[in-house]
Every structure is written in C-alpha cells, then in structure tokens.
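Below is one structure, written out as structure tokens; the observations come after it.
The values are calculated or read from the model by the stated rules, or taken from the named source; none is laboratory data. Please read all numbers here as calculations on a predicted model, not as lab measurements. Neighbour counts are summed over all protein chains in view; Cβ atoms, including those assigned to glycine, are modelled from backbone coordinates with ideal geometry.
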Amino acid sequence: MPIAEIVGGGIAGLVASIMLARQGWSVRVHERSPALRANGNGITIFENGLRVLEALDLDDDVCARGYQLDRFAIFRNTGQMIVEYDPFEATGGRIVMFQRQVLIDLMAKAARAAGVTISVGSKVVGAEEAGIVQLEGGERLEADLVVGADGIHSSVRRSVAGQVPLGKHRKGAIRMLIPIEAGDFADGNTRVAREFNHPNGRRVGLLPCSDTVMYMILVSLRTDTEAHAIPVQPELWEESFPGLGRYFARIGANGHYDAYHSVSPPSWHYGRCVLVGDAAHGMTPALGQGACSSMMTAYALGSAKFGEAPLPVVLERWEKSIRPLIDFTQTYAEGITEGRLDPNNEVFFSDPSLRPLLNADIPRLVQDPAMALQAAR
C-alpha cells in the first residue's frame with residue numbers, strides 16, 4: 001500500500017487525503033495546530049467547488065449545512081444600489097455560504113471515514129524531494145508521496161522550491177462572524193449577500209452563512225492603517241459607511257487581519273513532493289476562488305492514475321491538466337484587487353468569460369484535461 005504524508009489540515013489537504021485514501025493509499029494528515037480550526041470565518045463556495053464536494057459524497061451535508069444565496073447586491077457606501085444579481089442567472093451555478101469551521105469538520109469526518117489518520121499538533125518543518133517529511137524534534141518520515149498543503153507560507157514549498165517570492169498586493173481584509181439580528185434584512189429574506197464600496201478603497205461584505213450568523217469582511221488598502229487596525233474601530237468604519245453602524249457595533253473583540261498575498265512557484269511538483277492549495281497557488285480573494293481552486297487541484301491530484309505511469313509523469317500530467325485554469329484565476333483575481341478591471345467589483349458577476357471558471361466540473365475535468373485549457377482561454 002503506497003504511503004502519503006499530507007502537510008496541512010485545511011481544505012486542500014483534506015480533499016487530497018480523502019481522494020488518495022479512496023484510491024487505496026495509506027494517508028496521514030499533519031496539522032501543526034492542536035485542533036483543526038478555521039479562525040471563525042465564513043467561506044463562499046461556487047458551483048465548481050460544490051461539484052467537488054458532491055463528488056466526495058457530501059451532497060447531503062451541502063444541503064443541510066450550507067446556505068445557498070438567492071441574491072447578491074452591490075452598493076455604494078452611501079447605500080445606493082449599483083446592481084443586484086440572481087447568483088444562478090449571473091454565474092450559471094449556485095453560490096453557497098458556509099461557516100469555514102463547519103466545512104472543515106465535514107471534510108475531516110469524511111477523511112476519517114475513508115481511513116485517513118489526522119495528527120494534530122504535528123509540526124512539519126521541512127521536506128525532501130526523495131519523499132521525506134521532517135518533523136519538529138528531528139523525526140523523519142518516509143513516503144511515496146508528500147503533499148504540501150500548508151498554506152501561503154508553506155514549509156514544504158520552501159524546502160523543495162526554495163524562496164519563491166510572495167506577491168504583495170495593495171489590500172488586506174479583516175474577517176469575522178457576527179450574529180444576525182432582527183431587521184438586518186428589510187424584506188425578511190436572509191439569503192442575500194451585500195457588498196458596499198467606498199471610493200477610498202474600503203469595502204464591506206455582509207454574507208449570511210445561516211439564519212443566525214453572518215460573515216463580515218472589511219477590506220482596505222494596506223496604506224490605510226487605521227482601517228485594518230485590530231481591534232476594529234467601529235466609529236472609523238461608520239464614518240465611511242454611515243448606514244452600517246448596526247453591524248459594526250456587533251464586532252467587539254472579533255476579527256483578524258490578513259494582508260493579501262499570492263504565490264506562483266515555477267512547478268507544483270518536485271520529485272516525490274507536490275504542492276496544492278495556497279502552497280501552490282495562493283491568490284487574492286477578489287473572486288472568492290481561493291478555496292474552490294484548492295479543492296479543484298487537490299481533487300484532481302487525488303484522482304490521478306498513479307498506477308499507469310511513473311510518478312514524475314503522473315504529476316506532470318496532473319499539473320498540465322489544471323494549472324492553466326488556476327493561473328487564469330489568479331491573474332483575474334489580482335486584476336480585480338488592483339482595480340485594473342473594475343473598482344466597484346461589478347465584473348465579479350458581469351463578465352461572461354468567468355462562467356467556465358465558476359462552473360468548472362473537476363470530476364469531469366480529470367477525465368478530459370482539454371477542458372481546463374479551453375476554460376483558461
């Protein structure tokens with residue numbers, strides 16, 4: 001039985017673990033934190049990610065724990081509506097919100113059911129192309145495949161690819177979950193995501209994850225240091241968005257700030273080591289495709305036909321089949337973040353060239369690699 005050591009217990013690592021275990025691999029996931037945790041965020045999953053979840057047999061969980069949106073509205077900071085969309089009509093697919101911890105828990109349950117061992121508090125400090133994982137304390141683990149799913153600051157990537165520079169972008173965001181209260185939705189429909197844009201670069205997102213919990217995102221320019229201070233200053237944000245004071249008042253001590261970074265190493269595979277998720281293609285969140293892209297690359301890797309060719313050939317085929325689509329996604333998201341495409345973010349829904357991305361069917365893609373190349377054109 002081939003052995004896979006997966007570094008990182010986030011979305012990409014768990015998807016890869018499930019797929020490899022179902023192919024007959026002995027799989028262990030190393031998570032450096034003492035528990036699989038997700039920082040209290042929400043997460044947006046588009047049709048491409050939902051198809052991966054369904055291919056993992058999580059259909060019932062998507063219906064029971066996800067929160068499907070039926071409207072998405074974009075406003076100016078004054079409250080004037082710019083545009084409103086029906087998500088399915090605009091993108092050709094569904095948009096479902098989750099509390100990130102809920103999604104992680106569902107995936108972890110599926111991974112354990114597939115026979116995956118999840119080792120929390122297991123700190124990986126490096127890896128070697130020969131298929132070696134180095135643990136803090138000096139232990140070395142041998143594997144047929146090492147999967148680096150350990151995020152934008154990946155220790156696996158640093159070990160096998162060297163110091164790949166991180167792209168630094170002009171924005172960052174504070175993220176948190178806040179309770180939904182009576183009167184938050186004028187017509188009583190809680191399945192409406194709203195986004196508010198200020199000319200100074202500040203942006204507020206209010207996205208319901210359930211009938212009772214809402215995901216709040218506060219975006220600002222990196223140079224706008226007051227706006228990304230923790231704890232959040234409600235009065236500062238209310239100055240820019242005078243109609244949203246009721247939401248800012250609920251923040252309290254919640255929220256954590258992340259500056260936007262991206263990364264694009266020259267290769268996603270080095271010997272017996274492979275990179276997935278943010279370790280391979282961390283991107284700005286302007287398209288909401290970071291998690292969906294991670295699921296796509298991890299699912300495609302776990303679906304690879306390892307028994308049909310030598311490992312380097314299999315990994316080369318995997319990367320060539322899906323990387324063009326992911327590179328396109330990174331570039332497009334960066335264009336929105338930098339304001340080159342649309343400062344009001346209307347392009348998020350209005351560009352028909354995004355439909356192949358937002359609806360990419362990865363379970364079919366792994367059977368037909370040409371689909372990725374077509375979608376990226």
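Within region 17-34, the set of residues being touching a strand residue (DSSP E or B) at 6+ places or on another chain (Cβ under 6 Å) and within 19 Å of His153 (Cα to Cα) comprises Val29, His30, Glu31, Pro34. Apart from one condition, Gly79 fits all of (1) touching a residue at least 12 places away in the same chain (Cβ under 8 Å); (2) surrounded by 14 or more Cβ atoms within 10 Å (Cβ to Cβ); (3) more than 19 Å from Asn39 (Cα to Cα); the exception is (2). If you filter region 11-43 down to residues that are of a type in the set (D, E, K, R) and in a loop (DSSP other than H, G, I, E, B), you find that the one that is modelled with the lowest pLDDT is Arg37. When Gly252 is tested against (1) in contact with an Asp or Glu (Cβ under 7 Å, 6 or more places away or on another chain); (2) at positive phi, just one condition goes unmet, and that condition is (1).
The set of residues from region 320-377 being modelled with pLDDT of 80 or more, among the small types (Gly, Ala, Ser) and part of a helix (DSSP H, G or I) comprises Ser321, Ala333, Gly335. Looking only at residues of region 84-125 that are surrounded by fewer than 15 Cβ atoms within 10 Å (Cβ to Cβ) and not assigned by TED's automatic domain parsing to the domain that holds Ala143, we find that the one that is farthest from Asp57 (Cα to Cα) is Glu84. Condition check for Leu221 on (1) touching a helix residue (DSSP H, G or I) at 6+ places or on another chain (Cβ under 9 Å); (2) touching a residue at least 40 places away in the same chain (Cβ under 8 Å): one failure, at (1). Taking the criterion of being in contact (Cβ under 8 Å) with a residue 40 or more places away in the chain, surrounded by fewer than 19 Cβ atoms within 10 Å (Cβ to Cβ) and closer than 25 Å to Phe88 by Cβ, the residues of region 337-354 that qualify are Asn344, Glu346, Ser350. So for region 296-307 (the condition being part of a loop (DSSP other than H, G, I, E, B) and free of Cβ contacts under 8 Å to residues at least 24 places away in the same chain), does at least one residue qualify? Yes: region 296-307 contains one or more residues that are part of a loop (DSSP other than H, G, I, E, B) and free of Cβ contacts under 8 Å to residues at least 24 places away in the same chain.
Residue check: is Gly252 free of Cβ contacts under 8 Å to residues at least 24 places away in the same chain, of a type outside the set (Asp, Glu) and touching a helix residue (DSSP H, G or I) at 6+ places or on another chain (Cβ under 7 Å)? No. Just one of the listed residues (Tyr260, Tyr247) is out of contact with any Cys (no Cβ under 7 Å at 6 or more places or on another chain), in a strand (DSSP E or B) and among the aromatic types (Phe, Trp, Tyr), and it is Tyr260.
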